[in-house]
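Trainee: Take this structure first; my questions come after.
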Amino acid sequence: MFSVIWAVIFAILGIGLGLIYNILVIKHYPDNKRKPGYVITVIIFLLFTLIFFGIASANSGVKLIVKEKFSELEQSVKDKYPNNALVKSGIDLKGMNNDISKINDAISSLKSLLPTHKELGINKMIYDLAVDSGMKNLGKKLTVTDSSAKKINQFTDENDILTISSITNGLQTSAIKVVNTTSLIIALLFMIPFVIYIVRTLATVKKEKKAKET
C-alpha cells in the first residue's frame, strides 16, 4: 500500500544513489557535459526509485484486495450453500481415482456456486482472469500425480480433500502469482531505459578517457 513516509525514503535513496553515481562516473564527463549530466543523473535515479516504489506499492495493494475478495467469495458461498458437499465436508479426490468426468462435474458444480463479479464488486475482466483461468488450472491439477501417486495440487487440503476453503485459497494463490508476474514485467520494462542510460554514461566516460590519453 502507498505510504508517504516510504515514498520520501525512496526519494532520498534515489537522490543519494544519483549523487554517488555522479561522484563515481559523471565527474569524468567532458567539461561541457558534466553539469547537465549531474542534474540528469539525479533525476534519472530519483524517477527510477520512485517508479520502483510505485510498482511495489501497487503490487502490495492489489494483493491485499485479492485476498479480501477471495475471502468474500468463500464466505458468500458458505452463506448461500451451507448444505453443499464442498461446504459441508468437501470432496475426497482419492475416491475419484482421477475420473476426469467426475472431476469436471465437480468443477462445473463449483462454478455454479460462485458469486458473479457484480456481487463481489470487481471488474469483470479481472474476475474472469482470476476465477476462470484459476478454474481451468484447477481442472488440470486435479489429474496430476507425482511418482508416489500423490496429488500435486494447490487446490486441496493436506488430506487431498477438495473444499470451498482449499479451492478459494488455490484460486487466490493463482491470482497472486499473476499479480507478481505482471509487476515483475512492468518493473523490467521500466529498467530498460535506466540500463540504457547507465550504459551510455559509461560509454561516454570511456570515450573521454581515451580522448585524454591520445
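Trainee: Just checking, does segment 154-171 include any residue being open to solvent by 40 Å² or more (accessible area, probe 1.4 Å), at pLDDT 75 or above and within 17 Å of the chain's Cα centre (by Cα)?
Mentor: yes
Trainee: For the structure I just gave you, tell me whether V42 is in contact (Cβ under 8 Å) with a residue 24 or more places away in the chain and over 30 Å from I122 (Cβ atoms).
Mentor: Details: in contact (Cβ under 8 Å) with a residue 24 or more places away in the chain: yes; over 30 Å from I122 (Cβ atoms): yes.
So V42 fits the description; yes.
Trainee: Right, next: Could you please give the count of residues in segment 37-76 that are closer than 30 Å to L110 by Cβ and not acidic (D, E)?
Mentor: Keep residues of segment 37-76 that are closer than 30 Å to L110 by Cβ, which gives 59-76.
Then keep just the ones that are not acidic (D, E); that gives 59-67, 69-71, 73, 75-76.
Qualifying residue count for the region: 15.
Trainee: How many residues does segment 1-33 contain that are part of a loop (DSSP other than H, G, I, E, B) and either more than 23 Å from the chain's Cα centre (by Cα) or hydrophobic (A, V, I, L, M, F, W, C) (or both)?
Mentor: Let us first name the residues in segment 1-33 that are part of a loop (DSSP other than H, G, I, E, B), namely 1-3, 25, 29-30.
When the remaining residues are screened for being either more than 23 Å from the chain's Cα centre (by Cα) or hydrophobic (A, V, I, L, M, F, W, C) (or both), the result is 1-2, 25, 29-30.
Qualifying residue count for the region: 5.
Trainee: Which of the residues belonging to segment 27-69 are under 26 Å from P115 (Cα atoms) and of a type outside the set (S, T, N, Q)?
Mentor: Of the residues in segment 27-69, the ones under 26 Å from P115 (Cα atoms) are 58-69.
Hits for segment 27-69 are A58, G61, V62, K63, L64, I65, V66, K67, E68, K69.
Trainee: Could you please let me know if M125 is open to solvent by less than 50 Å² (accessible area, probe 1.4 Å), farther than 29 Å from L47 by Cβ and either over 19 Å from the mean Cα position of the chain (by Cα) or at pLDDT 70 or above (or both)?
Mentor: Values: open to solvent by less than 50 Å² (accessible area, probe 1.4 Å): no; farther than 29 Å from L47 by Cβ: yes; either over 19 Å from the mean Cα position of the chain (by Cα) or at pLDDT 70 or above (or both): yes.
Against the criterion (open to solvent by less than 50 Å² (accessible area, probe 1.4 Å), farther than 29 Å from L47 by Cβ and either over 19 Å from the mean Cα position of the chain (by Cα) or at pLDDT 70 or above (or both)), M125 does not qualify.
Trainee: Next question, about the same structure. So which residues in segment 15-29 are of a type in the set (V, I, T) and open to solvent by 30 Å² or more (accessible area, probe 1.4 Å)? Full working, then the answer.
Mentor: Within segment 15-29, the subset of a type in the set (V, I, T) is 15, 20, 23, 25-26.
Answer for segment 15-29, where residues must be of a type in the set (V, I, T) and open to solvent by 30 Å² or more (accessible area, probe 1.4 Å): I15, I20, I23.
Trainee: Another one. Identify the residue in segment 35-56 that is within 21 Å of S183 (Cβ to Cβ) and of a type in the set (F, W, Y) and, among all such residues, is surrounded by the most Cβ atoms within 10 Å (Cβ to Cβ).
Mentor: It comes out as F45.
Trainee: Hey, could you check segment 179-214 for residues that are among the small types (G, A, S) and within 15 Å of I55 (Cβ to Cβ) and say which is surrounded by the most Cβ atoms within 10 Å (Cβ to Cβ)?
Mentor: Of segment 179-214, the ones among the small types (G, A, S) are 183, 187, 203, 211.
The next check asks that each one be within 15 Å of I55 (Cβ to Cβ); those that pass are 183, 187.
Values: S183: 17, A187: 15.
Per the criteria, the residue is S183.
Trainee: Also: Mind telling me which of the residues N59, N32 ends up being open to solvent by less than 30 Å² (accessible area, probe 1.4 Å) and modelled with pLDDT of 85 or more? Spell out how you get there, then give the answer.
Mentor: Numbers: N32 fails: open to solvent by less than 30 Å² (accessible area, probe 1.4 Å).
Matching residue, one of N59, N32: N59.
The values are calculated or read from the model by the stated rules, or taken from the named source; none is laboratory data. Computed from a prediction, not measured in an experiment: that's the story for all the values here. Using ideal geometry, Cβ is built from the backbone for each residue, glycine included, and neighbour counts are taken over all protein chains shown. Side chains included, ligands, DNA and RNA excluded: accessible areas come from the protein's heavy atoms. Shrake-Rupley method; radii C 1.70, N 1.55, O 1.52, S 1.80 Å.
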